[in-house]
Amino acid sequence: MELPVSPASPRPDVHVEVRSITTNESPVPALRLWGIRRSITLAVAAALTVVVALIVAASWYAGWPGIRRDATVTTATLFDLLKLVFAVVAGVGGVAALVVAYRRQRVAEHTNELAEFAHQLAFAADLRAEVAKALAEAADERAKVETERNGVRLFNERFAKASEQIGSDKAAIRLAGVYATAGLADDWREGRQTCIDVLCAYLRMPYTSPETPSGASARQADGQAPIVDAETNRAAHEEREVRHTVIRLIGRHLRLVDEDLTSWRGLDFDFTGAVFDGGDFSDATFSGGRVSFDEASFNGGKVNFRRTSFSGGRVSFAGASFSAGYVAFDGASFSGGLVNFRRASFTGGDVSFSEASFSGGDVSFGGASFSGGGGNFGGASFSGGDVSFGGASFSGGRVNFGGASFSGGRVNFVGASFSAGWVSFGVASFTAGWVNFGVASFDGGRVYFDGASFSGGQVRLDKALIEVPPEFDAWPGGSPPEGLLLPPKARAWADGGHWDASAAVDAEKQQVNAADSAKISDAL
């Protein structure tokens, strides 16, 4: 794309005339003195003239007296004559000295005038330098403003062109628009969030995953072989490629370090209600900003969050639906901020948090529903922060906490319901922290603690409502280990670690009061 070139402005004719200036026109102070010989000669001549004039005037006033000459010159007369000669010579010397002193004074005054003039010149030069600097800064600022204006205009043109491409009905053009928008986000730091918003908005657009010929839809009413519109299916596959490209570009920029000028960390990503049937966020870092997967649908394919770091900001999967495919949070790190899976629905497929680390911040699965598929927390580490499964419903499928390490923080199952399916805490390690099953309901399904070790912290089952007791290994001496709090009327079986809860269930249910309900509300 070429920007319009402005026509060159006409250059004015400039004529510079250089000429010499006269002494009177020069601003430099001038010293006007005669030569030293000329000055002394004229001064002596003037002095002698004055003396002669005085002698003539005195003689005239005395009547022109005659001078009598003696035959001989006495010593006194000669001495008087010599004194007169010396006086005349001294007078002439004094006149010359006065001339020299006068000239010296004039030279000194002129030197001071020149020094003052030089000071004025230096001040004027400094002033001109400051003015020149101010003019240069103003010119630079004007050039900068003009450059920024041209840059913004160019970015706006690129943005408009990329947006037009994204809105095309041809997949290839949409792909070009996606790459153009990502490239513009890298170049345009001030408009980066806007470009990201456009890409996220594209993922929020209505979307239906492509069907396969063996799909349950597109069947004829008479039960014949399924019919799939080839053109529609091809368009759906192309659309999926465009969407996966958007996800791939976002993931790529979130893997860059903070110091990289093209890193997108710390910005906002809004995937609310988006449909994911694949995508790769592995090794990405969500270290700030707000990231929303609220009401998102994971309905097929593989969505990869392996080794993803959630270390700040707010990340929300509230109300998200995991109904098919495979979503992997294996090795993910939850070390700060808030991660929210409240009311998320796990109804199919597999969701894995294997080897994930929960070491800080708040992670909430409050009110989540595990009714199908598999949820794997095997080998996860709960060493800090608060993790809540308060009010969660385990009504189907398989949820595995096997090998998980509870070594710190607070893990809350208050008000959770274990009514069907299979939940395993086998080989889990409870060495510190606090795990609370207060008012949790064990009325169906199977919950295993086989091989779990209790060597510190507290695991509270004393307020749980137990109809189908969890299963433990045999305990030495038939007594539960320290830190494992069981219902007061439960009778441990020394041979298997089970207890007979039948007599205690009704009494335990009657103990649920308003305070317990309040705990459930707090957990949710």
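The values are calculated or read from the model by the stated rules, or taken from the named source; none is laboratory data. For clarity, every value in this text was computed on a predicted model and none was experimentally measured. Every residue, glycine as well, gets a Cβ built from its backbone with ideal geometry; the counts of neighbours run over all protein chains shown.
Residue by residue through segment 183-220, note down the ones that are modelled with pLDDT under 85 and among the hydroxyl-bearing types (Ser, Thr, Tyr). Across segment 183-220, the qualifying residues are 212, 214, 217. Annotation note: Cβ proximity below 8 Å between a residue of segment 467-480 that is free of Cβ contacts under 8 Å to residues at least 60 places away in the same chain and a residue that is in a helix (DSSP H, G or I) and surrounded by 13 or more Cβ atoms within 10 Å (Cβ to Cβ) (sequence gap 6+ or interchain) occurs for 467/505. Number of residues in segment 291-349 that are more than 27 Å from residue 258 (Cβ to Cβ) and among the acidic types (Asp, Glu): the value is 1.
Filtering segment 320-335 to residues that are among the aliphatic types (A, V, I, L, M) and part of a strand (DSSP E or B) leaves 324, 327, 328. Residue count for segment 352-374 satisfying the condition of being surrounded by 24 or more Cβ atoms within 10 Å (Cβ to Cβ) and in a strand (DSSP E or B): 4. Pairing residues of segment 375-401 that are in the same structural domain as residue 360 (by TED's automatic domain parsing) and within 20 Å of residue 430 (Cα to Cα) with residues that are of a type in the set (D, E, K, R) and part of a loop (DSSP other than H, G, I, E, B), at Cβ distances under 8 Å and at least 6 apart in sequence or on separate chains, gives 378/355; 379/355; 380/355; 381/355. Flag set for residue 245, criterion: closer than 16 Å to residue 174 by Cα and buried (at least 16 other Cβ atoms within 10 Å of the Cβ). Every listed requirement among (1) outside any helix (DSSP H, G or I); (2) touching a helix residue (DSSP H, G or I) at 6+ places or on another chain (Cβ under 9 Å); (3) not hydroxyl-bearing (Ser, Thr, Tyr) is met by residue 162 save one, (1).
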